[in-house]
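Read through the structure below, which is laid out as structure tokens, and then see the notes.
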Amino acid sequence: MSEHPNLQQWKDLASKQMKGKPVDALDWMTPEGIRVKPLYTAEDLENLDANTLPGMAPYMRGPMATMYAGRPWTVRQYAGFSTAKESNAFYHKALAAGQKGLSVAFDLATHRGYDSDHPRVSGDIGKAGVAIDSVEDMKILFDGIPLDKMSVSMTMNGAVIPILAGYIVAAEEQGVSHEQLSGTIQNDILKEYLTRNTYIYPPGPSMRIISDIMSFCSKNMPRYNTISISGYHMMEAGANSVLQTAFTLADGIEYVKAALKSGMDVDTFAPRLSFFFGIGMNFFMDIAMLRAARFLWHRSMSQFDPKNPKSSMLRTHCQTSGWSLTEQDPYNNVIRTTLEAITAVLGGTQSLHTNSFDEAIGLPTDFSARIARNTQIVVQEESQICHVIDPLGGSYYVESLTNSIIEEAQKIIDEIEELGGMAKAIESGMPKMRIEESAARKQARIDQGLDVIVGVNKYKLTDEKIDFDVREVPSSVRDEQVSRLKEIKETRDSDAVKKALADLTSAAQNDGNLLEAALPAVRARATLGEISDAMESVFGRFVATTRCISGAYSSEFSSNDDTIKSLKKRTADFLEKQGRRPRLLVTKMGQDGHDRGFKVVASAYADLGFDVDISPMFQTPEEAAKMAIENDVHVVGASSLAAGHKTLIPSLIDELGKIGGDDIIVVAGGVIPPGDYDFLFKAGVKAVFGPGTPITDSADKTMTLLEEKYL
Amino acid sequence: MLKDPKEYVNGVLNKDRLLLARTITLIESTLPTHQALAKEIVNQLLPHTGSSVRLGITGVPGAGKSTYIESFGNMLTEMGHRIAVLAIDPSSTRSGGSILGDKTRMEKLAVNQDAFIRPSPSSGTLGGVGRKTRETMLVCEAAGYDVVIVETVGVGQSETTVASMVDFFLVLMIAGAGDELQGIKKGVLEVADAIVINKADGDNITRAEVARKEYETALHMLMPASPNWTVPVLTCSSIENRGIDRIWETVLAHKTALTKTGEMAEKRKTQALDWMSFLLEEGLHQWFYTDSQVTGSLPRLRQETADGLISPAAAADCLLDHLKNR
């Protein structure tokens, strides 16, 4: 192929403007390892087949023929907190203000299959979502919401059986039959083992539960999406866009294979598979990502030979990135979310959640939720974006980038196939290591200012103050839940409950359909914890292996970076004077399973010369204290992302004191509202590191605390 | 913030978790003041040691050592034992720091009140694994732990050191694709008292059985280390909790066999003597190289040897004479 005649002229011109430097010097290497040039031309499209149509294979330009020109995306805000009653009131307000579908967030105790009165979950009730213990809570949650008309999305992966059964029975008692129900259950367990850790059972039984749900719904709930294959949490854990695409599609392929293996026909379930992608700040990259994902899903599904075109059509929900939100100068988050919303829209999403600007600080309030909802309503109804389908189709750059993502993601998908599929790959630890490596590298780029975050590592405010309300869930929520549980247990027919639970256990042993077997138990008012336990007695509870990479963080820094060098020297000096390196325990208490932050911290601190102990997930304060004492650490760093800090961290300090460890320094990190800092300091916490704190800063502060105390 | 040695001694004897942990920190410390204090404490505790079953466990990375100890340890505490686990973690980074993640794979044992688990970084301590682990083991015994497990990764030199301080040395393996004997040194097999093929579960059972036979054959070609013990090759599944009890029975059978014949007492005696020789050599080494006359003339003599101005033997004699003439 001959060089485009004008292109050489342009290159010369550009080079002249750059004082003789070659134009390649302007190339940008993305975190995905894709080389992006400063200019794309028709030449870049020559070998690409970009000329396709929406609603037709390979669906690159959109799954529907008319896309937003016919009907815009669904405004679907994810929400839930406190009790079912509070959340229900919140939903009613949101629906009155223009929201179209419901999306329920559950608290962590519910996710992990524990009732609110379980001793392990005292700090988690109603915090990161709504607390649900029985069908009575479910009925309150959907009170006044017609389940035959409203599509309901539920983010549930661990306790899917009691929750989905609870939703079905709540509908029954509203007079709504099974086939009238429409909505989505996330039900994507593979990514839980990868990133979010809100699983209950080991992978084998968990995959079986998914097949059982697919099979029940394909017969009884034809309008219901049985799974939402999610890349969102991978992105939040630090995966770049190529990793997100590849791992999400590989998860999808694994589910298809599992369903086929259980004897289903591909066209009975594949049209009900939906996806969920996370959208970050890399504007064109994530537009291209959604286009590439649709192309790749169509190509991947062709191996199963579906007859129904809908079987290979990728439909997706999107959410703007929580990781991109900052605690510092938080109104900037409205702007970030707007950009990400437009990214999702230009990429052709089917529904969208836009985050609230205060989510790096606390739970959304009515005010911040309204701004978040209006962010996408303004884009949808004021910007005139909706009139044209896939408006960036044919763009030299976007088409070329789409193709690069297709190529790079396909390589990873092939690699996973060679390992024997995603379940095997997860067992091997490969996807998790890749995501963590990507996360550590990103953190290092942020800490060096190579990735700019306004208000965090550039244009910082000298005087941060919070001039808006932050929502707090009172601890009385737990008392309310506990007393309702007591009431239910006193008034129900306990023989009927016992029998229904025994039947469920027997279905678990004998390959019965678990969703079907759980319905009588829910109707008899068995609680969520009891239903989970009935299955756990057969399946066991899964314990994750935590692996941690080292070296990735410091390798992003140049070898003579002064900050890194000086921190390494300080840890070495500490060793010389104290006879050992500074030793730090990083721990996560409560049921929050987001472990990116704490692993990036562990990995980076080890690179800086600390000895870092990692605790298992889901610790109680007493357990964390025992580990701190046994390992004889100087510092405990408690990570909290799920609003449990005000109970769990003071309780850790208490427990340490009880066994003589009151000289151990406690620091806290994660999503902690600045208004709570004083409370924590008074409780004895020595430093609090909010979201976006560069690790070099937190390590510096930690070393200063240590030097003051020991040197 | 150091306390009187008596306080540590009483703390350890009273099974105080905090003071036990802090005593271990003193043992591991590189500071001479800490080491002196540690020596004092260990000496005072010595009469209370010796009554535990000392177990060494090694295996290639990925053999499932931590998961195995999780199952094994919880089984033992259910039987009424109190167990201590000393995990030597090699995962040090170039910076010298390390990530100690063993307890994430020992979730239940980590919170078990009858268990004490102490991960230690392998780098940055004087005397290496040998000195500090031996002393830590004794301190745990004095604190009433009747089974002490030393876990080490089977890729370095540390496993023969560990084998020389325990009663029973268990090598954990997994079935691979025909290359079972690779990745682990022959020397490790020579000091093994049992070989266990872990992860014999799911579609791995057959392969584990094949591997078991291969190891049996390989062991036949080695000289048995003890006349009273034939090294068995077993299989187990840590995640399914199968075969774990048989391994404990094997440990007890080994103990009975060796105790009856007097070999166990002999073994511990030899180990104590070996340890004394080791400490003597280490002490001499340290004494020699920190002597001011030696450090004063060593660089010059090295240079002269390198330049051929003096013979290596003469240079060494010259240095040794400094000490002989004291």
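The values are calculated or read from the model by the stated rules, or taken from the named source; none is laboratory data. This one's a predicted model, so the numbers in the text were calculated from it and none came from an experiment. No Cβ is skipped: glycine too gets one built from the backbone with ideal geometry, and neighbour counts run over all protein chains shown. Protein only, heavy atoms only, side chains kept; ligands, DNA and RNA dropped before computing areas. Shrake-Rupley method; radii C 1.70, N 1.55, O 1.52, S 1.80 Å.
Taking the Cα centre of the range A:556-655 as reference, the dipole from Cβ charges on Lys and Arg (+1) and Asp and Glu (-1) amounts to some 260 debye.
In this Cβ point-charge picture (+1 for Lys and Arg, -1 for Asp and Glu), the range A:1-54 has a dipole of about 420 debye about its Cα centre. For chain A, DSSP calls about 5 percent of its internal beta bridges antiparallel. With a 10 Å cut-off around each Cβ of A:618-631, the average count of Cβ atoms from other chains is 4. The shape of the range A:106-236 can be summarised by an equivalent ellipsoid whose semi-axes, obtained from the alpha carbon gyration tensor, come to 23, 19, 13 Å from longest to shortest.
Phi-derived couplings, Karplus 6.51 cos²θ - 1.76 cosθ + 1.60 at θ = phi - 60°, listed residue by residue for the range B:96-102: x, x, 8, 10, 10, x, 3 Hz, with x used for Gly and Pro. Note that the range B:1-145 carries a Kirkwood radius of 15.8 Å, evaluated over its alpha carbons pair by pair.
Taking every Cα-Cα distance in the range B:275-324 and sorting them into 10 Å bins starting at zero, the pair-distance distribution P(r) comes out as 25, 45, 24, 5 percent. Straight-distance candidates among the lysines for linking to A:Lys458, with alpha-carbon spacing under 18 Å and chain neighbours fewer than 8 residues away dropped: A:Lys442. Summarising the amide proton neighbourhood of A:Asn225: residues at separation of 5 or more, or on other chains, whose placed amide H is nearer than 5 Å comprise A:Gly183, A:Thr184, A:Ile185. Between the residues A:Gly393, A:Gly551, A:Gln174, the greatest Cα displacement towards the positive end of the dipole of chain A, with unit charges on the Cβ of Lys, Arg, Asp and Glu, is found for A:Gly393. Counting only lysines at least 8 places from A:Lys568 when in the same chain, those with an alpha carbon closer than 18 Å to its own are A:Lys577, A:Lys701. With the highest mean first, a sort of the peptides A:192-204, A:260-272, B:308-320 on other beta-carbon atoms found within 10 angstrom per residue produces A:192-204, A:260-272, B:308-320.
Here is the tail figure for the range A:269-361: Cα pairs spaced more than 17 Å apart come to 52 percent of all pairs.
With a Förster radius of 45 Å applied to the C-beta separation of B:Gln286 and A:Lys686, the computed FRET efficiency comes to 0.70. Assuming charge only on the beta carbon of Lys and Arg (+1) and of Asp and Glu (-1), the dipole of the protein assembly as shown about its Cα centre is about 360 debye to the nearest 20.
In sequence order, the range A:624-633 has phi-based couplings of 5, 5, 4, 5, 4, 5, 4, 7, 6, 8 Hz under the Karplus curve 6.51 cos²θ - 1.76 cosθ + 1.60, θ = phi - 60°, and Gly or Pro positions carry x. Only Cα sites of the range A:42-179 enter the Debye sum here, all with the same form factor; the resulting log10 I(q)/I(0) across q = 0.15, 0.18, 0.22 1/Å is -0.78, -0.98, -1.28, listed in q order.
Mean residue ellipticity at 222 nm, helices only, chain A: -15000 deg cm²/dmol; runs of at least 4 DSSP H residues each add -39,500 (n - 2.57), and the sum is divided by the number of residues.
The alpha carbon radius of gyration of chain B, expressed as a multiple of 2.2 N^0.38 Å, is 1.12.
Using only the C-alpha atoms, the convex hull of the protein assembly as shown corresponds to 219 Å³ per residue. Quick check: from the Cα gyration tensor, does the range A:590-711 come out rounded (a/c under 1.5), prolate or oblate? Cα axes put the range A:590-711 in the rounded bin. Here's the picture: charge each Lys and Arg Cβ at +1 and each Asp and Glu Cβ at -1 in the range B:50-260, and of B:Ala257, B:Ala84, B:Thr161 the one pushed furthest to the positive end of that dipole is B:Thr161. Rounded to the nearest whole Hz, the Karplus-based 3J(HN,Hα) values (6.51 cos²θ - 1.76 cosθ + 1.60, θ = phi - 60°) of the range A:225-234 follow the sequence 7, 7, 7, 10, 6, 10, x, 3, 5, 5, with x at glycine and proline.
For the peptides A:294-302, B:226-234, A:347-355, residues were scored by their other Cβ atoms within 10 Å and the scores averaged per peptide; the highest-first order is A:347-355, A:294-302, B:226-234.
Taking every residue in B:20-30 and counting other chain Cβ atoms within 10 Å of its Cβ, the average works out to 4.
Amide hydrogen proximity for B:Phe116: with H placed 1.01 Å from N in the peptide plane, the residues at 5 or more positions away or on another chain lying under 5 Å are B:Ile83, B:Ala84, B:Val85. With the gyration tensor restricted to C-alpha atoms of the range B:1-48, the semi-axes of the equivalent ellipsoid amount to 16, 12, 9 Å, longest first.
Rg and Dmax over the alpha-carbon atoms of the range A:352-506 stand at 25.2, 68 Å. A straight line joining the Cα centroids of the range B:1-61 and the range A:1-69 runs 66 Å.
Straight Cα distances below 22 angstrom link A:Lys424 to the lysines A:Lys191, A:Lys257, A:Lys261, A:Lys411, A:Lys432, B:Lys65, B:Lys199, with same-chain residues fewer than 8 positions distant left out. Peptides A:465-477, A:154-166, A:653-665 ranked from most to least packed give A:154-166, A:653-665, A:465-477, packing being the mean of other C-beta atoms within 10 angstrom over each peptide's residues. Here the range B:50-260 has 55 percent of its accessible surface on carbon and sulfur atoms, given a 1.4 Å probe and all protein chains in place.
Label sites at A:Met18 and A:Asp697, each approximated as a point 7 angstrom past Cα along Cα to Cβ, lie 3.4 nm apart. Our note on the geometry: Cα centres of the range A:598-653 and the range A:273-290, 33 Å apart. For chain A, the relative contact order works out to 15 percent when only alpha carbon pairs closer than 8 Å and six or more residues apart are counted. For the range A:209-300, the alpha carbon convex hull comes to 94 Å³ per residue, rounded to a whole number.
For the range A:414-496, a Kirkwood hydrodynamic radius built from all Cα pairs, placed in the Stokes-Einstein relation at 20 °C and 1.002 mPa s, yields a translational diffusion coefficient of 112 µm²/s.
For the Cα trace of the range B:32-87, dividing Rg by the Kirkwood Rh returns an Rg/Rh value of 1.11.
So if R0 is 35 Å, what FRET efficiency would B:Asp274 and B:Asn241 give, r being the distance between their Cβ atoms, rounded to the nearest 0.05? After rounding to 0.05, the efficiency reads 0.45. When only Cα pairs below 8 angstrom with a gap of at least 6 residues are kept, chain B shows a relative contact order of 17 percent. Only protein heavy atoms count here, probed at 1.4 Å, and on that basis chains B and A bury about 3100 Å² of accessible area in total.
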